[in-house]
Amino acid sequence: MTAKNLFVGCATGFSGDRTDGTVPVVDTLIALGGGVLTFETLAERTLALAQIEKRKNPLHGYEPLLDDLVGPVLRRCLDHSIKIVSNFGAANPQAAAQRIYALARVQGLRRPRIAVVHGDDLTQPEQLQSLLKRLGSNIDPARIVSANAYLGAQQISEALQDGADIVVTGRVSDPSLTLGPVLAHFGWSLDDWHKLGCGTMAGHMLECGTQVSGGYFCVPGQKPVEGMDRIGFPIAEIDSQGNFSVFKAANTGGRVDLRTAKEQLLYEVHDPASYLTPDVTADITNATITETAANRVRIDGVTGHERPAELKVNVCYDNGWLCEAEISYAGFKAKERAMLAGDTIRKRIGHLIDLRIDIIGALSIFGDDAGELAAKGFNAPANDVRLRVAGVHMQKETAEKVSREVLSLYCCGPAGGGGVRSSIKPRLDTLSCTIPRDFVDAGWTIAQEQRT
Amino acid sequence: MIRTTIDLPLHQLAHCRAGDKGNTSNISVIAWDTECFQLLLEQLTETSVATWFGHRHPTRVTRYVLPRIESMNFVLEGILDGGVNDALNLDTHGKGLSFWLLEMPIAAPLQLADRLSNQIY
């Protein structure tokens, strides 16, 4: 007998995404007879920030919006057997699991069966030593904030097959959040590369939330999207052979069509024949997209090849301080005044700190840090601009000179500068490498509820 | 000489999205239709795109073509001043770089330019 198609919805595309997209996704999954709810919450640096929170408080270090994501839908997910799979465990999956147990208690629900995936964290001293050797880096291990391998779908799949209601992970590759439940549902072999490639690309279409359903697509007057204030999060329907379609939650704004799907299909892809995850080398060279209904597309022609031999690792480490400060100039010779202010600051502290200077409103994010594009001049009229000075230094006191210099423009001029804002924050840098699979001891356990 | 082509900004011929991994940006270029795609195949090359991003000093630019979805994917290595954690740019991800590429001029036949002006997709 062929297994029923599986529906997988994704209700966040990063940590900090809207949290009110979850209810329409769950409504839709229930109407379709069930499925899996995923949340993707870990960008490249999110895990390092979570490690810093965990150091401050051992009960923290998971997704700060966890209550808002899970709380409103936990009852209905348990009632309708909708599994929840997410990397919202971040640096502390155990603490996230305990938090969900607590949510269930407060709401008077049955105790869910929560699995926690482990093995991604590589911050044990001997692990760090091996990683640094692999990276060829001589940074002081004490500066390392986080080190995580990207795990795949296998542990998620095993936990679900064992009856978990919820699977909490730290770092796993984003598409594995979808592939895990797909593997568990259809029982595909872990070396069925074609099907794994399909399940992975279904996950890829979902992993950025509304990026596939019109959100990041919209340009008013050129490629408009209706209902930007209530864009629907995406859901994929996957069949036993790996064929899949993507649509969005019912009664929401947004748009899913050829164009939105193409933008997401290629998002953060390098070689289309070789999209690497821990699970498979997915291949979209011959992918095609067809609109099969309003706000629904089918993706065909995806395949996969043998998975990479090694796992990717990200290492985040402390690297000094970033200080940023801004001041506005408007009206007559605004751009000239802002540029003079920037030149003045460069003369005063440019020899102490690496600085970047932007004239927001005239030229900012298109420019390079070295200022090569700015040096070519920019002639567009700009009479309401904001000078931004950014500088980094290993010593906090030195980095802070950026904000002090911008603040002093209030009296020292040029004329008419106002609205100073500044901030200083620790700076994290990332190193990446790959490691042999046997370096990582990946697994999963059912979290023991701890009642305090 | 009678002028037969006109320079159009890329956004009249295609839409784009940028993504980042480390110090590498990838920018997809998705043609609005088949005629646009043919022009882009000729003019939007690794060399022309590398030149357009000259101030970002790409160490390598690779173009991947996906004819079945009339799209290309440009991978520009080394253009993010170190990337999301390292760059001093406000936009450390380079999210906005798709809109830099969308300003690149493409020589289009006058007739095509007429058809493409003010299109809503």
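Only one entry in B:91, B:81 is on the phi > 0 side of the Ramachandran plot and out of contact with any Leu (no Cβ under 6 Å at 6 or more places or on another chain), namely B:81. Scan segment A:256-266 and give yes if some residue there is within 24 Å of residue B:77 (Cα to Cα) and in contact with a Lys or Arg (Cβ under 6 Å, 6 or more places away or on another chain), otherwise no. Yes, there is a match, as at least one residue in segment A:256-266 is within 24 Å of residue B:77 (Cα to Cα) and in contact with a Lys or Arg (Cβ under 6 Å, 6 or more places away or on another chain). The residues in segment A:354-411 that are away from every other protein chain (no Cβ under 14 Å) and not hydrophobic (A, V, I, L, M, F, W, C) can be counted, and the count is 15. For the structure I just gave you, tell me whether residue A:40 is closer than 23 Å to residue A:239 by Cα and acidic (Asp, Glu). Against the criterion (closer than 23 Å to residue A:239 by Cα and acidic (Asp, Glu)), residue A:40 qualifies. Considering every residue within segment A:70-89, establish whether at least one is part of a helix (DSSP H, G or I), among the small types (Gly, Ala, Ser) and under 23 Å from the mean Cα position of the chain (by Cα). Checked segment A:70-89: at least one residue is part of a helix (DSSP H, G or I), among the small types (Gly, Ala, Ser) and under 23 Å from the mean Cα position of the chain (by Cα).
Considering only residues in segment A:180-199 that are under 12 Å from residue A:8 (Cα atoms) and touching a Phe, Trp or Tyr at 6+ places or on another chain (Cβ under 9 Å), the one that is surrounded by the fewest Cβ atoms within 10 Å (Cβ to Cβ) turns out to be A:182. One residue is enough: does segment B:10-17 have a residue meeting the conditions in contact (Cβ under 8 Å) with a residue 60 or more places away in the chain, in a strand (DSSP E or B) and in contact with a Ser or Thr (Cβ under 7 Å, 6 or more places away or on another chain)? Yes, the conditions are met somewhere in segment B:10-17. When each of B:41, B:8, B:80, B:90 is tested for being surrounded by 21 or more Cβ atoms within 10 Å (Cβ to Cβ) and over 19 Å from residue A:289 (Cβ atoms), the lone residue that passes is B:80.
Entry remark, segment A:242-265: residues being within 14 Å of chain B (Cβ to nearest Cβ) and over 15 Å from residue B:30 (Cα atoms) number 1 in total.
Checking each residue in segment B:69-98 for being within 8 Å of chain A (Cβ to nearest Cβ) and either among the aromatic types (Phe, Trp, Tyr) or part of a strand (DSSP E or B) (or both) picks out B:71, B:73, B:75.
Within segment B:41-68, if we keep just the residues that are facing chain A (nearest Cβ under 10 Å) and among the charged types (D, E, K, R), the residue that is farthest from residue B:25 (Cα to Cα) turns out to be B:68. Taking the options A:268, A:291, name whichever one is within 8 Å of chain B (Cβ to nearest Cβ), charged (D, E, K, R) and surrounded by fewer than 22 Cβ atoms within 10 Å (Cβ to Cβ). Answer to the check: A:268.
Residue B:33 passes every criterion in (1) more than 10 Å from every other protein chain (Cβ to nearest Cβ); (2) exposed (fewer than 14 other Cβ atoms within 10 Å of the Cβ) apart from (2). Answer yes or no: is there a residue in segment A:324-340 that is within 30 Å of residue A:13 (Cβ to Cβ) and of a type in the set (S, T, N, Q). Within segment A:324-340, none of the residues are within 30 Å of residue A:13 (Cβ to Cβ) and of a type in the set (S, T, N, Q).
Each reported figure results from applying straightforward, stated rules to the coordinates on display, with no laboratory input. Bear in mind that the values here come from a model prediction, so they are computed numbers and not experimental data. Please note: Cβ atoms are built from the backbone with ideal geometry, for glycine as well, and neighbour counts cover all protein chains shown.
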